[in-house]
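Here is the structure we will look at, set down as structure tokens.
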Amino acid sequence: MSKDEQVEAMLVQKHQLKSSEHKLSELDNALNLLSSSQDSNLDTLESMLSDMDRLLGQHGFEFADSEENCISLELEEYCSVSIDDITPITPEISALSEIDFNRGMDWQEYSNAVRGYASSNDINLSVDPFNELMSPIQRINFEKRIKSEFSLKNAQCDKYDYMIAGTCGLIGGLIDVFFVGLPGEGKLTKFTDDAVDGAVETFAKVCGWKEGREGSDPTASAIGFLERNFKVNYDHRHGVDVDGLFNMSTKNHHIKNLGHSPDLIGLFFSILGQFTNTAHFVDGGKVISVDTENFELKGANFVAKIFSGFVNWLGHLFSDVAGSSGATGRGSGIPIPFFSLFQFMDFGEFGQHRQTFAQVAVQVFEKGYDFRHGLAMAIPVMITELLTRLMWVVKQRGYHNKPWKDCIPTASNPELRRMLFVAHGSLCLIDGSDAALRSGGDMVQFLLRTNLIGWVRFGHLGLKEVYVWYNSGHIDADAVDEFLDAEYEKMLKL
């Protein structure tokens, strides 16, 4: 059943409905005409009876068998009209045309019957269904709803909205400056380091780890357990492991090897490498493929092997996210999602050694700018986001006196979208200023102090603001999807 066939059926049904309404109007007119004729005949009959009574009284008519009593000429002429001379009013009403339909036919047979009906009744099936199926009032109401609920609108923020957003961004920026700082030094980074250690131990327990010996480091024991049980063929650690094709060490092999990236790119190259016995690295802005020893995935079929490759990838990431089992100190974790792509930006000259941006990104990772530090940077960004949304709800409810159902902080609201943009912009302004002042012009130090998560969120909101400004008045696909999802949920509940 295609959408075109459904539209054709609806157009034909609309024609049948109009024809039925027109036929009902004909029947109503005919009934009114018959009723009017009946009333006229009744009046005439009553008049005739009255005249007859008068004439009978004038001539002394009596019903008796006497030749002297006869009907006068006037009365005879009055009663000479025959019933056959009266022409009845019988308006002709044609029958409605109908679709050849029966309960045993399938959709295709019904669709063919619909097309046959349309052909015999000169129905154009290529017209715009909205103009044809909806009445003018329905179209006007529909257009108003689309414009008010599903179109992109520029924000109409007042001064209080901007003040609230700026304050929320200021709070997030100060938290970032004083509690995140450099990798491994800020209080939030130490907090996320401990949280990741706990997550690694929990994952290891789920996989069968029985904790380490008394007095030993439980995290290192859990990492060792995961390293033994989730081995992969692409875990090269030194340049000599890849025949000296490029420089690599234990500090940067997690960023240079694409299979260690905790994102879709890492998953793709991990499974590809496990299937083809290869490892894929990035150096000098290019992908380098290296053959590895034979590696056989478990599983009786292709789907099972894919699942086995995914489990290996995930388990190996958990073994590396908190550093290796033999690392001293904090250890080298895994990159922030998509951070490995910075290695393809092999351009520019930074610092006294004229390094490219790709080389700078690798050095930043070597100094601890990893997934754990990314979690720490996400905390002030999340606080800014939640605080701005909360204050927007408070203002809508307390200042504008809107009902609670209109105070839901959805991203489709233009004022909230603008406030989030301003709030995260304020956070990034403070973060960037702090990084510029403390780095002293050193690009590595500048990036180490930069909140990448905050800048990504700010950039995403900025692109959205530009898009809305350029496409103001057009359909908001996100709002439509959100509405359809809500309606679908209602249908499922029913």
- Going through (1) surrounded by 12 or more Cβ atoms within 10 Å (Cβ to Cβ); (2) at pLDDT below 80; (3) more than 34 Å from the chain's Cα centre (by Cα) one by one, residue 124 fails only at (1)
- Among residues of the range 394-432, those that are assigned to a helix (DSSP H, G or I) and within 26 Å of residue 455 (Cβ to Cβ), counted: 19
- Condition test on residue 321, is it assigned by TED's automatic domain parsing to the domain that holds residue 420, surrounded by 18 or more Cβ atoms within 10 Å (Cβ to Cβ) and of a type in the set (Val, Ile, Thr)? no
- Under 7 Å by Cβ, and 6 or more places apart or on different chains, what pairs join a residue from the range 478-492 that is in contact (Cβ under 8 Å) with a residue 24 or more places away in the chain with one that is acidic (Asp, Glu) and assigned to a helix (DSSP H, G or I)? 479/149
- Would the range 297-305 turn up any residue that is among the aromatic types (Phe, Trp, Tyr) and surrounded by 22 or more Cβ atoms within 10 Å (Cβ to Cβ)? no
- Message: With the structure loaded, tell me whether residue 335 is outside the structural domain of residue 442 (by TED's automatic domain parsing) and either surrounded by 17 or more Cβ atoms within 10 Å (Cβ to Cβ) or not in a loop (DSSP other than H, G, I, E, B) (or both) or whether it fails that test.
- Response: yes
- Query: How many residues does the range 98-111 contain that are within 12 Å of residue 12 (Cβ to Cβ) and at pLDDT 75 or above?
  - Reply: 4
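For (1) modelled with pLDDT under 90; (2) aliphatic (A, V, I, L, M), each residue gets a yes or a no:
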site: 404; (1), (2): yes, no
site: 410; (1), (2): yes, no
site: 435; (1), (2): no, yes
site: 445; (1), (2): no, no
site: 454; (1), (2): no, no
site: 457; (1), (2): no, no
site: 470; (1), (2): yes, no
site: 482; (1), (2): yes, no
site: 491; (1), (2): yes, yes
- Consider residue 400 against the criteria (1) surrounded by 10 or more Cβ atoms within 10 Å (Cβ to Cβ); (2) closer than 23 Å to residue 153 by Cβ; (3) out of contact with any strand residue (DSSP E or B) (no Cβ under 9 Å at 6 or more places or on another chain): it satisfies all of them except one. Which criterion is unmet? (1)
- Pair list, Cβ under 8 Å, 6 or more apart: the range 366-384 residue farther than 16 Å from residue 177 by Cα and in contact (Cβ under 8 Å) with a residue 60 or more places away in the chain, other residue hydroxyl-bearing (Ser, Thr, Tyr) and assigned to a loop (DSSP other than H, G, I, E, B): 366/332; 370/332
- Got a number for residues in the range 229-259 being part of a helix (DSSP H, G or I) and under 13 Å from residue 362 (Cβ atoms)? 4
- Could you pull out every one of the helices (runs of 4 or more DSSP H) wholly within the range 136-215 that has 1 or more residues that are surrounded by 13 or more Cβ atoms within 10 Å (Cβ to Cβ) and modelled with pLDDT under 80? 136-149
- Message: Please pick out the residue among 423, 435, 479 that is surrounded by 17 or more Cβ atoms within 10 Å (Cβ to Cβ), within 29 Å of residue 354 (Cα to Cα) and in contact with a Ser or Thr (Cβ under 7 Å, 6 or more places away or on another chain).
- Response: 435
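Return a yes/no flag: does the range 300-316 have any residue that is among the basic types (Lys, Arg) and in contact (Cβ under 8 Å) with a residue 12 or more places away in the chain.
There is at least one residue in the range 300-316 that is among the basic types (Lys, Arg) and in contact (Cβ under 8 Å) with a residue 12 or more places away in the chain.
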- Note on the structure: Within the range 268-323, residues being among the hydroxyl-bearing types (Ser, Thr, Tyr), under 33 Å from the mean Cα position of the chain (by Cα) and closer than 20 Å to residue 251 by Cβ number 0
- State yes or no: is residue 390 assigned by TED's automatic domain parsing to the domain that holds residue 195, outside any loop (DSSP other than H, G, I, E, B) and surrounded by fewer than 18 Cβ atoms within 10 Å (Cβ to Cβ)? no
- Query: From the set of residues in the range 353-394 that are among the charged types (D, E, K, R) and either in contact with a Gly (Cβ under 7 Å, 6 or more places away or on another chain) or modelled with pLDDT under 95 (or both), which is farthest from residue 196 (Cα to Cα)?
  - Reply: 354
- Message: Return the residues of the range 260-285 that are part of a helix (DSSP H, G or I) and surrounded by 21 or more Cβ atoms within 10 Å (Cβ to Cβ); say none if nothing qualifies.
- Response: 260, 266, 269, 270, 273, 274
- Item | Residue under evaluation residue 318, criteria (1) part of a helix (DSSP H, G or I); (2) closer than 14 Å to residue 269 by Cα, criterion not met | (2)
- Taking the stated definitions as given, is residue 288 surrounded by fewer than 17 Cβ atoms within 10 Å (Cβ to Cβ) and among the aliphatic types (A, V, I, L, M)? yes
- Being outside any helix (DSSP H, G or I) and out of contact with any helix residue (DSSP H, G or I) (no Cβ under 8 Å at 6 or more places or on another chain) is the filter here, so list the residues in the range 433-461 that pass it. 440, 441, 442
- Message: Can you confirm whether residue 373 is out of contact with any helix residue (DSSP H, G or I) (no Cβ under 6 Å at 6 or more places or on another chain), under 21 Å from residue 202 (Cα atoms) and assigned to a helix (DSSP H, G or I)?
- Response: no
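The values are calculated or read from the model by the stated rules, or taken from the named source; none is laboratory data. In this text the structure is predicted, and so the values were computed from the model without any measurement. Cβ coordinates were reconstructed from backbone atoms using ideal geometry, including for glycine residues, and neighbour counts include every protein chain displayed.
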